[in-house]
Amino acid sequence: MLGRTLQEVSAALKQGQITPVELCQKCLSLIKKTKFLNAYITISEEVALKQAEESEKRYKKGHSLGALDGIPVAVKDNFSTSGIETTCASNMLKGYVPPYNATVVQRLLDQGAVLMGKTNLDEFAMGSGSTDGVFGPVKNPWSYSKQYREKRKQKPHGENEDSNWLITGGSSGGSAAAVSAFTCFAALGSDTGGSTRNPAAHCGIVGFKPSYGLVSRHGLIPLVNSMDVPGILTRCVDDAATVLGVLAGHDPKDSTTIQDPGKPFMLSSLTDVSKLCIGIPKEYLVPELSSEVRSFWSKAANLFESEGAKVIEVSLPHTSYSIVCYHVLCTSEVASNMARFDGLEYGHRCDIDVSTEAMYAATRREGFNDVVRGRILTGNFFLLKENYANYFIKAQKVRRLIANDFVNVFNSGVDVLLTPTTLSEAVPYLEFIKEDNRTRSAQDDIFTQAVNMAGLPAVSVPVALSNQGLPVGLQFIGRAFCDQQLLTVAKWFEKQVQFPVIQLQELMDDCSSVFEIEKLASVSLKQ
Amino acid sequence: MAAPMLRGCCLGRCWALACIDSGSRHGRGAATGFTCSGKRGQSFVAQQPLLTAQKSRKGEHKWAAVVGLEIHAQIASNSKLFSGSQVHFAAPPNSLVSFFDASLPGTLPVLNRRCVEAAVMTGLALNCHINKKSLFDRKHYFYADLPAGYQITQQRLPIAVNGSLAYSVCVGKKWRQVITKTVRIKQIQLEQDSGKSLHDELRSQTLINLNRAGVGLLEVVLEPDMSCGEEAATAVRELQLILQALGTSQANMAEGQLRVDANISVHHPGEPLGVRTEVKNLNSARFLARAIDYEIQRQINELENGCEILNETRSFDYKLGCTVPMRDKEGKQDYRFMPEPNLPPLLLYDTASLPAGADPQQVINIDRIREQLPELPSETREKLIQQYGILPEHSFALLNEVGLLEFFQNVIKETRAEPKKVTSWVLNIFLGFLKQRNLAVNESPVTPSVLAELLNLLDRKVISSAAAKQVFEELWRSKGKTPSQIVSERKLELMQDEEALERVCHTVMEGHPQVVMDMKRGNPRAINKLIGLVRKVTHNRADPTVIKEILEKQLSS
């Protein structure tokens, strides 16, 4: 039952094959069994069970609220949840319990969704590995999959290599792991430079970043206001569309949302792709791209072509400036957004009370990790009067050029762009932390981040397993506010590739082996 | 302290008090070595007043002062600029704070339509160009009463620019000559107010009240076109009246709804402008004028003594009557301005550019707001002069007190007395009584209709004007009595019995043969003496003109 998609389990609830409470309990028990993944920061067991009971009452009366009623979902811990601690994986917000729900959370709850808990992330979503949060790194469920472990056994490495678990990617790694490990049917992530699509690709699930302005950011603790979008992580494209139907639309509390009210929509099943034009941006073929991902990418292009679609090479000439441009804009907004964390109104406050300034300084030193502090310092540098024109204004201009690249390509008749989501499959944690957060973020966002600059919708769809038995995802990028068209194409593609289901049976049946693994992992970490 | 500041003060010194108590004008500025055009009536008025330092009385150095103002006016609105919290002056601390106002993470600003309309209306009233597209920016600084660590303002592209404010100063003999001056308005921007900090030095802690945090402000930037405290104070007073007439701000300085920062420098005419200082948080017009004049003189003294002026921020110590450097503003602040990413550009329309089928709730039409502009103070004054033939300075005085104009107009409606008579009564006697007792117009025990009745009695010659003043005093003491009641109780009617009056006149003339003789010899003052004597005998109840007629008749017979 837990392995099903949201749509399937929704049907099962409707038919009475399972009740919302039973479903909730199954998920809760799996969450506990997979605690070592560190996917959740907070498990909201009591709230979840209460919501499930209410849902059950509705089903009994025949008044279910719709496709999401009784469906277990998880929410990244940077969305405000009323009465439930919201930490951003930071000391700064440990113990902070928001008095209100983010609009997207409220909309899920209004549809009867059951909130299982708050998922792990990089501190304040600053990272691409889900390794840099105060609650520790998230482990990729695929590390424990039959597919991956069998491949590893074939290799001449020792058994100890089990300690070499993989990262999920990030920063929404907790949400990706939660969906991938069957502990919920959909999860919210946030996507500022790829934070939803990147972990989705590494965890073998669908990661969707809607158009900027389609989904409310009210209650999402911001990273970069002008690029943040709530992301959706699900097991299939249809499920992402279902959740989008609930979340999308104007929110009077977010002035950057479109005026149209949202409406639920069903994705039609595309049977004919011959009228489609798929663009392949040549700048995305970078030397760092792994040959395996590259070959999946070209296979996908061939697939479209063989089915009659027009596949053309296109150019997004300013792509290479995206990373450095993002660095300036992101850190500047971070410097501004983080200014509110001063320990006065909420969150961590230090014990020093010599002066207000001393209190600010110590509070912020204790509350933020090095990554956050580094970005704050950098951003403030860019915003200084003498630097503003040279950095911030220039970066804004470059951002416009990057956005125009996309406009030009779409105006030339391209419907959807097809690109890799990541350079390679997930890497082991010990490998990942050899580079610092900044380097990693710069490398890992390379295919995803320009989309945020332009506010476009994009979705990562799992394609196949690599030689190592790990998932690889490809990204589709659509025209602004053509989210439905984008998902329709993604759905067609998903059907063609038939990505294998993760085999976690061993893990779900026999937890003892897993706990051993965890011990080994922690030992190796302490070295 | 607050109340007199508000009512009497400000520009009271310039207008209202001129009619009542011109003595109060001499309290200020005697020691300072410069003169200001708006102030001294005795002599010549320069367009650009020259300031003379003590040493330079002989005419070696002339100084000119340059004053610019930044005025923050709280927008009269039920809710804050970007949140739904209510706005009240005296609410319990931290009782009007939304999640956004407390900067809870994840909250977003939502622009208050009313505040935008108020800004547009103010811009139109101040002859500004209204920008159809304006932008919001973040201004960063750490302060305990600024919860987000930044203020949302309009630094790059404000909602209104390039306006002007005309204000008038009275000069000449008896301040009868009105000179209109104009100060250019650089811009009007929408921005958030901060909260309030209360420093408890004893326990070395700071208490924060966020009720004010996020209240909408209009920042009005006046170009440095003024040259002394008086001019600045008069300009601020005119702006205050305009805001109140528009209803866009209550502009009550005592309640902090109108706050002024002044930029001040001095230089020799013909030379480049001097280094300027900023005097912050001037919360009454009296202190505004005093602080500016003090600061001008201080700068002149510094320069005369060979010192330099520092580009610094100062505050006015009203107890000591001087400006002092602000310790926490030492060193240059870099506000690290950045566009506010959560607010799209603010777009305004006029009837020509209004998109077809636009939801009226979603758009603001500048032309519609222009149509709703009420009468401005300058127009009201012009009308008063035209309609009632009153003096320009009286028109200023009538507008200067809250409710006084309405009181005046209500009296006029109910009396047959001449408008000039009414003006004189309202501005001299009525206002004088209010000032003495430190009351506002709406606190007066004498209502417009009571005063109208009194003036009617006077007009119909039922009582003399001396008796009328007596009645007025009585009205103040014994609430509820009508003027007629008081007149009859006190027997204050003029003698209507002409025969009786003739008898009194006859008796007086007989008793003073020497005066009668003087008069017959052609001394014109002698008859006044006789009139006075008759009035004394009749206890002021006889009409002097009637007495005069009778005396002249009896003399010639």
Applying the gyration tensor rule to the Cα atoms of region B:305-370 (axes a ≥ b ≥ c; rounded if a/c under 1.5, else prolate if a/b exceeds b/c, else oblate), the class is prolate
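Quick one: if the Förster radius is 22 Å, what FRET efficiency do B:Ser465 and B:Asn438 give, using the C-beta to C-beta distance and rounding to 0.05?
Working: r = 27 Å, r/R0 = 1.21.
Once rounded, the FRET efficiency stands at 0.25.
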How do A:72-79, B:342-349 rank on mean C-beta neighbours within 10 Å, highest first?
-> A:72-79, B:342-349
Taking the Cα centre of the protein assembly as shown as origin and charging only Cβ (+1 Lys, Arg; -1 Asp, Glu), how large is the dipole, in debye to the nearest 20?
-> 2980
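Quick one: order B:Trp425, A:Trp165, B:Trp476 by neighbouring beta-carbon count within 10 Å, fewest to most. All intermediate terms of the calculation are to be shown ahead of the outcome.
Working: B:Trp425 23, A:Trp165 27, B:Trp476 15.
Taking fewest neighbouring Cβ atoms as first place, the list is B:Trp476, B:Trp425, A:Trp165.
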How large is ³J(HN,Hα) for each residue in region B:181-193, as worked out from phi by the Karplus curve 6.51 cos²θ - 1.76 cosθ + 1.60 (θ = phi - 60°), to whole Hz, x for Gly and Pro?
-> 10, 10, 10, 6, 9, 6, 6, 10, 10, 8, 7, 8, 7
Computed label-point distance, nm, for sites A:Asn408 and B:Leu373 using a 7 Å Cα→Cβ extension = 4.7
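Can you tell me, using C-alpha contacts under 8 Å and at least 6 residues apart, the relative contact order of region B:200-285 as a whole percent?
Working: 62 pairs, mean separation 16.9, N = 86.
Value for region B:200-285: 20 percent.
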Inter-chain Cβ neighbour average for residues A:386-397, partner chain, 10 Å = 1
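Taking 25 Å as the cut-off for C-alpha to C-alpha distance, list the pairs among B:Lys80/B:Lys133; A:Lys14/A:Lys146; A:Lys94/B:Lys80 that go past it.
Values: B:Lys80/B:Lys133 22 Å; A:Lys14/A:Lys146 32 Å; A:Lys94/B:Lys80 30 Å.
Cα-Cα > 25 Å for A:Lys14/A:Lys146; A:Lys94/B:Lys80; rest within.
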Chain A shape via C-alpha gyration tensor axes, a/c threshold 1.5 | rounded
With the dipole of the protein assembly as shown defined by +1 on each Lys or Arg Cβ and -1 on each Asp or Glu Cβ, the option from B:Ala73, A:Gln25, A:Pro210 whose Cα lies farthest towards the positive pole is B:Ala73
Virtual spin-label span in nm between B:Lys332 and A:Gln443, 7 Å along Cα→Cβ = 4.1
Pairs of Cα atoms under 8 Å, at least six residues apart: use those to get the relative contact order of region A:118-276, whole percent.
-> 19
Nearest 20 debye, what's the magnitude of the dipole of chain A about its Cα centre given +1 on Lys and Arg Cβ and -1 on Asp and Glu Cβ?
-> 460
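Go through A:386-392, B:199-205, A:443-449, A:285-291 and give me the packing order, highest mean Cβ count within 10 Å leading. The partial results should precede the final answer.
Numbers: A:386-392: 15.4, B:199-205: 9.0, A:443-449: 25.1, A:285-291: 11.6.
In descending order of packing, they fall as A:443-449, A:386-392, A:285-291, B:199-205.
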List, in order, the whole-Hz ³J(HN,Hα) value for each residue of region B:153-168 obtained from phi through the Karplus relation with A = 6.51, B = -1.76, C = 1.60 and θ = phi - 60°; use x for Gly and Pro.
-> 9, 10, 7, 7, 9, x, 6, 9, 9, 6, x, 8, 10, 9, 9, 10
Over 32 Å between alpha carbons, listed pairs A:Lys33/A:Lys151; B:Lys461/B:Lys529; A:Lys394/A:Lys495 = A:Lys394/A:Lys495
Setting aside same-chain residues fewer than 8 positions from B:Lys435, which aspartates and glutamates have a Cα under 12 Å from its Cα?
-> B:Asp21, B:Glu401, B:Glu443
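For Cα pairs less than 8 Å apart in space and 6+ apart in sequence, what is the mean separation divided by the residue count of region A:165-240, i.e. the relative contact order in percent? Walk me through the numbers on the way to the answer.
Details: 153 pairs, mean separation 26.4, N = 76.
Answer for region A:165-240 is 35 percent.
I want to verify the translational diffusion coefficient of the protein assembly as shown in µm²/s; compute it with Stokes-Einstein, Rh as the Kirkwood radius over Cα pairs, at 25 °C and 0.890 mPa s. Walk me through the numbers before you get to the answer.
Details: Rh = 34.5 Å.
For the chosen part, D equals 71 µm²/s.
From the Cα gyration tensor of region B:420-557, with a ≥ b ≥ c the square roots of its eigenvalues, which class applies: rounded if a/c is under 1.5, or else prolate if a/b is larger than b/c, or else oblate?
Details: a/c = 3.09, a/b = 2.30, b/c = 1.34.
Verdict is prolate for region B:420-557.
Neighbouring Cβ atoms within 10 Å as the yardstick, rank A:Ile278, B:Ile75 fewest first. Each step should come with its number before you reach the end.
Working: A:Ile278 23, B:Ile75 26.
If I rank by nearby Cβ atoms, fewest first, I get A:Ile278, B:Ile75.
Quick one: of B:Lys132/B:Lys186; A:Lys32/A:Lys76; A:Lys76/A:Lys299, which pairs are farther than 22 Å apart, Cα to Cα? Can you show the working numbers first?
Details: B:Lys132/B:Lys186 17 Å; A:Lys32/A:Lys76 18 Å; A:Lys76/A:Lys299 33 Å.
The pairs that break the limit, which is 22 Å between Cα atoms, are A:Lys76/A:Lys299.
Each value in this text was obtained by applying a stated rule to the coordinates, not by laboratory testing. In this text, all values refer to a predicted model and were calculated from it rather than measured experimentally. Here Cβ is always computed from backbone atoms with ideal geometry, including for glycine, and neighbour counts include all displayed protein chains.
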